[in-house]
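One structure is given below, encoded as structure tokens.
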Amino acid sequence: MLTLLFKFLPDFTSGPLCKVSWFPCKAGLCPQSCAAAEPDRRLRPAGSQNRHPSEASRSLESTSSPASCKRVTPVCLKHHQINCVTFPLPGEGPEQQLLKPNEWSYCDYFWADRKDPQGAAHVTGFEVLLQKQLKGKQLQKEMAEFIHERIKIEEEYAKNLSKLSLSPLAAQEEGTLGEAWTQLKKSLHDEAEVHLKFSNKLHTEVEKPLLTFRGDNFKKDLKKYDHHIADLRKQLASRFAGVEKARKALADRQKDLEVKTQQLEIKLSNKTEEDIKKARRKSTQAGDDLMRCLDLYNQTQSKWFEEMVTTSMELERLEVERVEWVQQHLRQYTTLRHETDMFNQSTVEPVDQLLQSMDPAKDRELWVKENKTGEVRPVDLDI
């Protein structure tokens, strides 16, 4: 919270600019003295309240005697601004607590801007969150492309297996060996069917869901979030410019009042007490204007804060939803892969059974019966 501190001091002279002040400070007054005179305050994320402008006015008002309006202390800040957003100074005030401790939530870690590595511009924390969403959608699209390539391999493999199963090679093999060989070739056809079904399921149950998850409307929704938060930042920048303008106006009025008061004290001018009263009223009005600008600024920043929390939490929810969606369908891939292995195993089981029942003696018997040329053996020649 920005705070105005007005205090009448007997011997005020211009000094160097205070590092945390809008105005010159006396040596030894700022920042330590100002910090000691001002109550501890911290940036409150939402619902923060400023002093009523009349408080600043009353702090500038005193008796009508010239001696009572000697000098006004500078306005000292307990915070600093980065791109028109107000943050607490390091070490000032109580330490802020995370909104969602131990969760690494988006709403706790993206308040500041960071420099764009590709240029001189700054990227807001909210833009970083939006880029994460867009990158996630792109990576999911690439996953779908990967699965598509896997499907093409499966389809080509199934095609080649089916073609090979029709090969006439060793088709004339006979007996139990011939039966096993015929079943082995048939198993290739069955395996081709398994892989073809696997590729079809990959398309419908993995590739398509990954590709169609959050269509074109998703980007439109992200743009709405982007424009909304960007508009609030623009409003905040405008309010901060108003604060700066009012601050400068107050500095000018204070300086004018100081000059008139000094001239009266050293009798370098015939300025009347009424002239000083007018200068004091103008300075008081400038203080009121500054406080009103501060109120508007803090209200706008509170609104931006609330929308940042709400929207960043929504983006966090969307990212969790995306990861869980990808997890679900990649697990479906492994399930289908296991099923394919099981079906492939079932295609070779008949082949195993026939191979185990092969009988070379029986094959020999069948072959001999079909191809024998005679059972009578030769005998010795006898004269």
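Bear in mind these aren't lab numbers, they're just calculated from the coordinates by the rules spelled out. This is a predicted model, so every value here is computed, not measured. Virtual Cβ from ideal backbone geometry, glycine too; neighbours counted across all protein chains shown.
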Q) Once the Cβ-Cβ distance between residue 356 and residue 157 is put in as r, and R0 is 30 Å, what FRET efficiency do you end up with, to the nearest 0.05? A) 0.60
Q) What order, most packed first, do the peptides 236-243, 249-256 have when packing is the mean number of other Cβ atoms within 10 Å of each residue? A) 249-256, 236-243
Q: May I ask you to derive the FRET efficiency for residue 211 and residue 83 from their Cβ-Cβ distance with R0 = 51 Å, giving the value to the nearest 0.05?
A: 0.85
Q. With each pseudo-label sitting 7 Å past Cα toward Cβ, what's the residue 219-residue 204 distance in nm, one decimal?
A. 3.0 nm
Q) Between residue 321 and residue 103, 0.36 nm times their residue separation minus their Cα-Cα distance comes to what? A) 76.9 nm
Q: For residue 362, go through the aspartates and glutamates and keep the ones whose alpha-carbon is under 12 Å away, minus same-chain ones fewer than eight residues off.
A: 174
Q. How are the Cα pair distances of the stretch 96-204 distributed, in percent, across 10 Å bins from 0?
A. 12, 21, 16, 13, 12, 11, 9, 5, 0
Q: In nm, give the distance between the simple-model label positions of residue 307 and residue 367, each being 7 Å from the Cα along the Cα-to-Cβ direction.
A: 8.8 nm
Q.
What do you get for GluC sites (Glu not before Pro) in the stretch 308-383 restricted to DSSP loop and a cutoff of at most 15 other Cβ within 10 Å of the site's Cβ?
A. 375
Q. Say R0 is 51 Å: what FRET efficiency, to the nearest 0.05, do residue 299 and residue 262 get from their beta-carbon distance?
A. 0.85
Q | Alpha-carbon centroid distance for the pair the stretch 139-197 / the stretch 84-116, whole angstrom | A | 59 Å
Q: Which order do the peptides 144-155, 285-296 take when ranked by the mean count of other beta-carbon atoms within 10 Å per residue, highest first?
A: 285-296, 144-155
Q | At q = 0.08, 0.11, 0.17 Å⁻¹, base-10 log of I(q)/I(0) for the stretch 134-365 (Debye sum, equal scatterers on each alpha carbon) | A | -0.62, -0.81, -1.15
Q. Which value in nm describes the separation of the simple spin-label points at residue 241 and residue 164, placed 7 Å from the Cα toward the beta carbon?
A. 7.3 nm
